[in-house]
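Let me begin by presenting the structure, written as structure tokens, before commenting on it.
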Amino acid sequence: MKTFKVAVIPGDGIGPEVIEEGVKVMKKIAQLDGRMQFEFTYFPWGCEYYVEHGKMMADDGIEQLKSFDAIYLGAVGYPGVPDHISLWGLLLRIRKEFDQYVNIRPITLLNGAPCPIIGGSKETIDMLFIRENSEGEYAGAGDWLFKGKPEEVVLQTGVFSRKGTERIIRYAYEIAAESGKTLTSISKANALNYSMVFWDEVFEEVGNEYPNVSTYSYLVDAAAMYMIKDPARFEVVVTSNLFGDILTDIGAALAGGMGLAAGANINPERVYPSMFEPIHGSAPDIAGKGIANPLAALWSASQMFDFFGYEDIGEQLLVAIEKVLEEKTVLTPDLGGNSSTTEIGDRVVELVSALI
Ligand code: NAI
Ligand code: MG
């Protein structure tokens with residue numbers, strides 16, 4: 001039996017509420033399946049920790065996390081702590097230090113999930129976003145000059161290295177080639193005359209190594225429109241950090257809302273742990289009420305099973321999530337029901353028990 005060490009960072013707001021269901025379901029699956037077991041270690045980092053210690057995580061936090069096989073993260077951010085501090089102090093720090101340069105966001109409209117566009121279905125809305133996760137517009141490079149003076153200037157520089165751009169694009173080509181799907185690159189070379197011209201060139205160059213992958217290339221504004229008007233055009237999609245951030249929120253809306261959107265931050269070389277998280281935030285408006293939707297956190301657990309090499313289990317967990325959506329007997333308020341977070345987790349436990 002294989003043992004996986006998972007670092008759990010529940011974080012703030014609804015983070016702990018949804019992560020608890022994820023851990024419950026993962027433990028149940030391990031027990032049913034018998035091939036693996038999990039050792040969960042909890043870390044109390046986040047905004048409450050910040051208020052007490054003046055930092056989002058322990059000084060040697062990265063060192064502490066290094067030896068884990070994966071990180072399971074809830075959400076960070078809470079009123080009173082500026083969002084750029086909570087984000088940079090924990091989430092972005094982990095992504096960067098562990099070179100999690102691939103952000104994988106599945107956007108699939110499961111049967112039974114609500115969709116805001118007419119005629120949306122699992123056939124038409126089924127894409128896999130591969131977002132650059134280590135540099136680009138979120139490199140943190142820039143300056144703030146003459147602060148508060150009339151000549152004030154701020155610079156926020158996009159950083160696109162050859163290594164960084166090539167590796168994310170190559171990763172996406174690999175996924176497209178393996179799955180026999182089309183690959184779409186989303187950029188903006190007409191306006192961003194350095195970074196995105198370069199991006200497009202690299203997309204073409206790397207493409208020469210994958211003659212069997214059909215490719216498309218869109219400007220980001222057009223892509224935003226097509227995602228709504230004709231989502232079926234997108235299969236595997238590769239894009240930069242900022243564009244990916246924005247477009248995957250459109251994707252989340254298309255595929256049932258924030259309560260269903262998951263993301264994996266991957267270090268493909270597996271030198272460092274990868275991190276799995278629902279992409280929603282800490283939702284202060286509903287925190288503490290026990291009504292947060294845990295399905296996004298469960299979907300990210302499914303991604304973790306895939307990453308550990310148990311794609312069959314990842315798939316079964318997704319089937320269970322879909323079943324909850326189809327049955328509609330227990331659903332949280334964001335999906336029109338009146339069940340609690342725990343009731344959804346319990347139902348998924350029952351469903352996986354029947355499946356595995
Ligand atoms: P949010 O995702 O927390 O909430 C947006 C809306 O979606 C709210 O109405 C919320 O109730 C709803 N929602 C989100 N997840 C839900 C779930 N699982 N079930 C039911 N409803 C859900 O985004 P918001 O309000 O912009 O940010 C709140 C805080 O979270 C901020 O401090 C922000 O910085 C932080 N944040 C953290 C992220 C992370 O840790 N990965 C990502 C996004 C925001
Ligand atoms: Mg985002």
Ranked His84, His280, criterion: other C-beta atoms within 10 Å, fewest first: His84, His280
Segment Gln31-Asn190, length gained on full extension (0.36 nm per residue, minus Cα span): 51.9 nm
Taking N as its residue count, the alpha carbon Rg of region 143-219 over 2.2 N^0.38 Å: 1.47
Charge tally in the Cβ shell below 9 Å around Lys5, where Lys, Arg are +1 and Asp, Glu are -1, Lys5 excluded: -2
Diffusion constant of region 249-341 at 37 °C, which comes from Stokes-Einstein with the Kirkwood Cα-pair radius and 0.692 mPa s, µm²/s: 234
Whole-number D in µm²/s for region 116-254 (Stokes-Einstein; Kirkwood sum over Cα pairs; 37 °C, 0.692 mPa s): 205
Debye log10 I(q)/I(0) for region 189-288, one point scatterer per Cα, at q = 0.15 Å⁻¹: -0.83
For Val8, distant residues with modelled amide H under 5 Å away: Thr41, Tyr42, Phe43, Tyr72
Debye, to nearest 20: dipole size of region 116-254, +1 on Lys, Arg Cβ, -1 on Asp, Glu Cβ: 160
Computed over the chain, Cα set: Rg, Dmax in Å: 20.2, 67
Calculated over region 43-109: convex hull of Cα atoms, volume per residue (Å³): 114
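Just to be sure I follow the rule: in region 116-254, considering lysines 8 or more places apart or on different chains, how many pairs have Cα atoms under 28 Å apart? Mind dumping the intermediate values first?
Details: Lys122/Lys181; Lys122/Lys229; Lys163/Lys181; Lys163/Lys188; Lys181/Lys229; Lys188/Lys229.
Close lysine pairs under the 28 Å cut-off: 6.
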Pairs beyond 25 Å (Cα-Cα), from Lys2/Lys24; Lys2/Lys55; Lys24/Lys328: Lys2/Lys55
Whether region 1-80 is rounded, prolate or oblate, judged on the alpha carbon gyration tensor where a/c under 1.5 counts as rounded: oblate
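Mind sorting Phe146, Phe98 by how few other Cβ atoms lie within 10 Å of their own Cβ, fewest first?
The most exposed by this proxy come first: Phe146, Phe98.
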Projected-area average for region 84-176 over all orientations - Cα convex hull basis, square nanometres: 9.9
Span-rule helices in the chain, defined as complete DSSP H runs reaching 15 Å or more along the axis (Cα) with Kyte mean at least 1.0: 241-254
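Could you give the semi-axes, largest first, of the ellipsoid that matches region 1-155, computed as the square roots of 5 times the alpha carbon gyration tensor eigenvalues and rounded to whole Å?
Each semi-axis is the square root of five times an eigenvalue, giving 32, 25, 16 Å.
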Percent antiparallel among DSSP beta bridges (both partners in the chain, rounded to 5): 40
Cα-based reach from Lys27 at 15 Å (exclusive), listing aspartates and glutamates while leaving out same-chain residues under 8 positions away: Glu39, Asp346, Glu350
Amide N of region 19-48 lying under 17 Å from the label point, which is placed 7 angstrom from the Cα of Asp312 along Cα→Cβ: 29-37
Residue of Asp230, Asp249, Asp69 that the Gaussian network model of the chain assigns the largest fluctuation, springs spanning Cα pairs under 10 Å: Asp230
For the chain, calculated [θ]222 nm from helices alone, where every DSSP H run of n ≥ 4 adds -39500 (n - 2.57): -12000 deg cm²/dmol
Where labels lie 7 Å past Cα in the beta-carbon direction, separation of Ile250 and Trp144 in nm: 3.1
Sorted by Cβ density within 10 Å, fewest first, the residues Leu247, Leu145, Leu192: Leu145, Leu192, Leu247
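Laboratory data are not the source of any read-out in this text; all were calculated from the coordinates shown. Because the structure is predicted, anything quoted here is derived from the model rather than measured. Cβ: placed from backbone, ideal geometry, glycine included. Neighbour counts: every protein chain shown.
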